[in-house]
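The next block holds one structure in the form of structure tokens; read it before the comments.
The values are calculated or read from the model by the stated rules, or taken from the named source; none is laboratory data. Small disclaimer: the values here were computed from a predicted structure and weren't measured. Glycine also receives a Cβ, built like all others from the backbone with ideal geometry; neighbour counts cover every protein chain displayed.
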């Protein structure tokens, strides 16, 4: 993927990983559009930066995604990079009957949202030079956190979907997976202060360095996520599953 001269759309760009990457890509010489539900957060992410734009998007609505894509391409016909970053993570007990509203919302946002938006933009991207799609998954796609089962499942599904998409678009659109570790953001309450999680600035800097490689890796993996990504292939899945969940419980409980 080119490091500058792109027009990049980042969903979930008003906070956390999305905002940090959007600002760094902008500062590296790209035009960036951040999209999400909260216009105030999006505008705050853009503050003081020319060629950084905010657009509202509700990925839970199929018709809303289609309308957004039309508005996006009308305003930014040079779009050549899509970053599917928007996502939600919620804790869910599996050992008792529960309301499945959270599970359904996670699937809609984390899985259906990227599928819908990619579908809405794929014809444009195929016809555009230097096009790329970046799907943000998670280290939890490879080793699950027991208290966030649906989140893990959607990220594992997006990992598989990305492999299929990369193969289908080979030679026409570059398809990249970015799998973060636990990062200090507000993805879950209090997460931005948890010790042992990678600081957001450190993560974003490391990611930009990896995107600067030529060619860009098909999987962009910071050092902190490799113990999850490689657990199964290195024959330590069960051990890593136990370590991950014990560590996460200890950080949540303080």
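Here are a few things to note about the model shown:
- Any chance residue 184 is crowded, with 17+ Cβ neighbours inside 10 Å and at pLDDT below 95: yes
- The set of residues from region 231-246 being loosely packed, with under 15 Cβ neighbours inside 10 Å and within 23 Å of the chain's Cα centre (by Cα) comprises just one member, 232.
- For region 113-157, the tally of residues that are in contact with a strand residue (DSSP E or B) (Cβ under 7 Å, 6 or more places away or on another chain), in a helix (DSSP H, G or I) and surrounded by 24 or more Cβ atoms within 10 Å (Cβ to Cβ) stands at 2.
- Boolean, residue 170 is more than 18 Å from residue 17 (Cβ to Cβ) and part of a loop (DSSP other than H, G, I, E, B): yes
- Unmet requirement for residue 101, which otherwise passes all of (1) loosely packed, with under 14 Cβ neighbours inside 10 Å; (2) in contact with a strand residue (DSSP E or B) (Cβ under 8 Å, 6 or more places away or on another chain): (2)
- Of the strands (runs of 3 or more DSSP E) lying entirely inside region 1-98, none contains at least 2 residues that are at pLDDT below 95 and surrounded by fewer than 14 Cβ atoms within 10 Å (Cβ to Cβ).
- Residue 85 vs. criteria more than 20 Å from residue 162 (Cα to Cα) and in contact with a helix residue (DSSP H, G or I) (Cβ under 7 Å, 6 or more places away or on another chain): no
- Scanning region 158-172 for residues that are touching a residue at least 24 places away in the same chain (Cβ under 8 Å) and surrounded by fewer than 17 Cβ atoms within 10 Å (Cβ to Cβ) returns a single hit, 172.
- Candidates 176, 163 - the one that is under 19 Å from residue 13 (Cα atoms) and under 17 Å from the mean Cα position of the chain (by Cα): 176
- Residue within region 102-116 that is farther than 27 Å from residue 192 by Cα and modelled with pLDDT under 95 present: no
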